[in-house]
Amino acid sequence: MSLLQVDDLHVTVDGKLILKGLTLTIEAGEVHAIMGPNGSGKSTLANVLAGRPGFEITSGTVNFEGVDLTPLEPHQRAHAGMFLAFQYPIEIPGVSNMEFLKAANDSQRAAAGLEARSAVEFMKSVRTLAESLDLNPDFLKRGVNEGFSGGERKRNEILQMLMLEPKLAVLDETDSGLDIDALQTVANGINRYHNSGNAVLLITHYQRLLNYVVPDQVHVLADGRILESGDRRLAEKLEAEGYAWVTA
Amino acid sequence: MGDGVTALDRLSSDVPDWLDRDAWARIKLNLEGPGAREHWKHSSLAKTLEALVGTERSVDEDLGELPNGVETLRFSEADSATLEVIRQRLAHRMDWSRYPLADVVNLIAQDGWMIRVRRSLDTPLIIDAPSGINSPVIIEIAPGAQVELHEVSHATGVQARLINIVIGRDAKLVHARHDFVSDCEHWQLLRVTLDDNASYQLHSHVVGARLRRIDCQILLEGNGATAELTGTGITNDGTHLDQRHVVEHIGRATTSRNKLHNIAKGKSRCTFNGRIHIHAGASGTDADLQNKNLALHESSEINTKPELEIYDDDVKCAHGATVGQLDEHALFYLGSRGIEPSLAKRLLCIGFITECIDGPLADELRGELLRHLDS
Ligand SMILES: Nc1ncnc2c1ncn2[C@@H]1O[C@H](COP(=O)(O)OP(=O)(O)OP(=O)(O)O)[C@@H](O)[C@H]1O
Ligand SMILES: [Mg+2]
C-alpha cells in the first residue's frame with residue numbers, strides 16, 4: 001500500500017478545470033519533487049491534498065495509506081498525517097505563534113489519543129526547534145506570521161512540520177525567497193525530518209534545493225498533468241533547457 | 001418620545017446650584033429635537049430615559065482610599081467661585097442636543113464630585129461605579145502630572161455615569177475601563193478635554209447588556225494634544241451595545257487614534273459610531289479611526305458608521321470600518337495544522353480582540369473577555 005496514491009485526478013476551481021488527469025504515487029521513505037511552469041497547477045495539487053475548500057474533485061481518486069482522503073476535512077487530514085507548507089503562509093494577528101503551535105500540537109496529540117504536553121516542556125521544545133532554524137525565539141511571541149519576513153514565514157512552516165511530524169510533507173515553494181544560508185537551514189530541517197517512515201513532496205522552481213534534499217523522483221507538472229518523470233538529472237535538464245521540450 | 005417626556009414628571013424640579021437654571025427647559029427641548037433622534041438611532045432614547053427617571057441616585061458611592069495628591073470636594077460644598085468653575089466645566093463645548101440625558105442625570109443626582117489630581121500618582125485612581133444614578137464627576141489633572149485611572153463596575157440594574165475629565169498642559173492620563181456585567185441598563189457620557197501637549201489613552205473593554213450606550217467626546221483643544229482610544233466590545237445573544245466616539249480636533253497639530261474591534265454573537269446588536277470633527281484652524285491634525293467588526297451569526301446585527309467633518313485643509317485623516325465574518329483562509333490554515341473548526345474559530349476571535357487589548361488591566365481583561373466569548 002502506497003503512502004499517497006493519486007489517480008487520474010481532475011479538479012476544478014471556480015468552475016475552471018485546473019488538474020486534468022494527474023497521477024502520482026509516493027511511497028514511504030521517498031522524496032519527490034514537482035517542477036513546472038507558473039500556473040500549471042502545482043499549488044492546486046497541494047491544496048487539494050490538504051483539503052482546501054473551493055477545490056472540487058470532479059473525477060479521479062486520492063488515497064492516503066489506502067484511505068480515501070476526499071471526504072475528510074482539513075484537520076482530519078492533518079490528523080491522518082498530511083502536512084502542507086503553504087506557498088503563502090497566512091497572517092493571524094492577535095494569536096501568538098506559540099499559542100498557535102500549542103493549539104496545533106494539542107489537537108494533533110488529542111487525535112492520536114495522547115495527552116497535551118505541559119506548557120513548559122512544550123515551549124522548551126519549540127524554542128529548541130526555532131533555534132535549529134535560526135529563528136529568533138522572540139518571533140514565538142508575535143502574532144502568527146505577523147510582520148514576518150518572507151524567509152521567516154517559510155522557516156516557520158518548516159518548524160511546524162518538524163513539530164507535527166507528519167507522514168507526508170508537501171512543501172509548496174518553501175525554498176522561494178530564501179537567502180543562501182536560509183536555504184541551507186531549511187534543507188537541513190527537511191533532512192532532519194525525513195526518514196524511512198515518511199515522505200516529502202517538494203514543489204519547487206529551482207534545482208538548487210535538490211542539491212541539498214536529494215529527490216528519488218522528479219516530475220514535470222504542466223497543463224494540469226504530469227508530463228514527464230525521472231531522477232534528479234531531470235531537474236538539471238529543466239534548469240538548463242526550460243520546459244519547452246516537455247510541453248511541446 | 002411622547003411617553004418619555006411624561007416620564008419627566010417623575011423628575012425632581014429642584015435645579016441644584018451647580019447646574020444652569022435652564023436645565024429643565026433644555027431637557028424638554030433636546031429630547032424632542034432632531035439631534036437626539038439622529039444620535040439615538042440604534043438605542044431607544046425613550047427606554048433609556050424611562051429607565052433613568054425610574055432610578056434613584058446611587059447611595060453607596062464611595063471613592064475609597066484615594067492616592068496621595070488627590071483632593072475631593074462635593075459640588076454641594078463648593079464655594080461660589082468653585083460653583084462657577086463647575087458650571088463652566090459641565091457646559092464647556094457641551095452639545096446638549098446630542099446628550100439630552102446628561103441633564104436628566106444631573107437632576108436625579110443633585111450632587112457631584114470634584115476630584116483634583118495635583119501631581120503624578122504612584123497608584124491608580126479608581127472609580128468603582130455602583131448601581132443607580134452616579135453623581136457626575138469632574139476630574140482635573142494638574143499640568144505635567146502622570147496619572148492612571150481605572151474605571152470599573154460590577155453593578156447590575158440601571159446605571160448612569162457622567163465623567164468629565166480635564167487634562168492639564170503636558171499631563172498624561174491612561175484610562176482603563178471595563179464593563180462586564182450584562183444584567184444591566186447602562187448609559188454613560190465620558191468627556192475629556194486636553195490642554196497643550198496633554199495626552200490621553202483610553203483602553204475600554206465592554207460587553208453588551210440589556211442596554212448599554214457609551215458616549216465619548218474628546219476635545220483636543222491644546223496644541224499638540226494626543227488621544228489614543230482602543231477598545232473591544234462583545235455582544236452575546238440578547239444583548240445590546242451602542243458606542244459613540246466624537247473626537248474634536250481644535251488646537252494645532254493634534255493627533256487622534258481610534259481602534260475598536262467588536263464581535264457580535266447570536267441575536268445581538270452592536271453599534272459603533274465614530275466621528276472626527278476637525279475644526280477650522282486645527283492645522284496639522286493627524287486623525288485615524290479604524291473599526292472592525294465580526295458578525296458570528298446570521299442574526300448578529302452590526303452598525304458602523306465613520307463620520308468626518310473637516311474644516312481645515314492642512315490635515316491628515318484616515319478612517320476605515322469593516323463588517324465581516326471569520327477569514328476562510330485563516331480557518332483553512334489552522335485546520336491544516338490539525339486544529340478542529342470550533343477551536344480554529346475561537347482562536348481567530350481571540351486574535352481579533354487581542355489586537356485591541358492593551359493597557360494596565362490587559363491581563364485581567366483577557367480572561368474576562370474570553371469568558372464572554374465562550375458563553
Ligand atoms: N479561484 C480561482 N479561480 C480561477 N482560477 C484559479 C483560481 N485559483 C487558481 N486558479 C488558476 O489555476 C491555475 C493553477 O494555479 P496554481 O496556483 O495551482 O499554479 P502553480 O503551478 O502553483 O503556479 P506558481 O508556480 O505560480 O505558484 C492558474 O491558472 C490560476 O490562475
Ligand atoms: Mg504555486
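Before moving on, here are some points about what is shown:
- Filter pass, A:Pro53 being in contact with a Phe, Trp or Tyr (Cβ under 7 Å, 6 or more places away or on another chain), near ligand 1 (Cβ under 10 Å from one of its atoms) and open to solvent by 20 Å² or more (accessible area, probe 1.4 Å): no
- Test: residue in region B:131-139 that is in a strand (DSSP E or B), surrounded by fewer than 20 Cβ atoms within 10 Å (Cβ to Cβ) and not polar (S, T, N, Q): no
- Subset of region A:18-43 (residues that are open to solvent by 20 Å² or more (accessible area, probe 1.4 Å) and either within 12 Å of ligand 2 (Cβ to nearest atom) or within 15 Å of A:Val220 (Cβ to Cβ) (or both)): A:Ile18, A:Lys20, A:Thr23, A:Pro37, A:Asn38, A:Gly39, A:Ser43
- Any hit, region A:71-90, residues being crowded, with 20+ Cβ neighbours inside 10 Å and more than 19 Å from A:Val170 (Cα to Cα): no
- One residue from B:Tyr311, B:Tyr333 being modelled with pLDDT of 95 or more, surrounded by fewer than 17 Cβ atoms within 10 Å (Cβ to Cβ) and among the aromatic types (Phe, Trp, Tyr): B:Tyr311
- Conditions (1) within 16 Å of ligand 1 (Cβ to nearest atom); (2) open to solvent by less than 30 Å² (accessible area, probe 1.4 Å); number of the one not met by A:Asn105: (1)
- Taking the listed residues A:Val220, A:Val246, the one that is touching a Gly at 6+ places or on another chain (Cβ under 9 Å) and within 16 Å of ligand 2 (Cβ to nearest atom) is A:Val220, with no other qualifying.
- Residue that is farthest from the other protein chains (Cβ to nearest Cβ) [pool: residues in region B:360-371 that are surrounded by fewer than 22 Cβ atoms within 10 Å (Cβ to Cβ) and not acidic (Asp, Glu)]: B:Pro360
- Candidate set from region A:44-66 (those that are within 12 Å of ligand 2 (Cβ to nearest atom) and within 13 Å of chain B (Cβ to nearest Cβ)); member that is farthest from the chain's Cα centre (by Cα): A:Asn47
Matching residues to (1) within 14 Å of another protein chain (Cβ to nearest Cβ); (2) free of Cβ contacts under 8 Å to residues at least 40 places away in the same chain; (3) farther than 22 Å from B:Gly335 by Cβ; (4) within 16 Å of ligand 1 (Cβ to nearest atom):
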site	(1), (2), (3), (4)
A:Thr12	no, no, no, yes
A:Leu17	no, no, yes, yes
A:Gly29	no, no, yes, no
A:Asp68	no, yes, no, no
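- Of all residues in region A:150-179 being open to solvent by 30 Å² or more (accessible area, probe 1.4 Å) and on the phi > 0 side of the Ramachandran plot, the one that is nearest to ligand 2 (Cβ to nearest atom): A:Gly177
- Scope region B:78-94; condition of a type in the set (Gly, Ala, Ser) and either without any contact (Cβ under 8 Å) to a residue 40 or more places away in the chain or open to solvent by less than 30 Å² (accessible area, probe 1.4 Å) (or both); matching residues: B:Ala78, B:Ser80, B:Ala81
- Selection of region A:79-107 for residues being within 7 Å of another protein chain (Cβ to nearest Cβ) and among the hydroxyl-bearing types (Ser, Thr, Tyr) yields only A:Ser107.
- All positions within region A:1-17 that are surrounded by 21 or more Cβ atoms within 10 Å (Cβ to Cβ) and within 16 Å of ligand 2 (Cβ to nearest atom): A:Val11
- Qualifying residue in region A:215-235 (condition: surrounded by 21 or more Cβ atoms within 10 Å (Cβ to Cβ), out of contact with any Phe, Trp or Tyr (no Cβ under 7 Å at 6 or more places or on another chain), among the small types (Gly, Ala, Ser) and at pLDDT below 95): yes
The values are calculated or read from the model by the stated rules, or taken from the named source; none is laboratory data. Nothing here was measured: the structure is a model prediction, and the numbers come from that model. Every residue, glycine as well, gets a Cβ built from its backbone with ideal geometry; the counts of neighbours run over all protein chains shown. Just the protein is used for accessible areas: all its heavy atoms, side chains included, with ligands, DNA and RNA removed. Shrake-Rupley method; radii C 1.70, N 1.55, O 1.52, S 1.80 Å.
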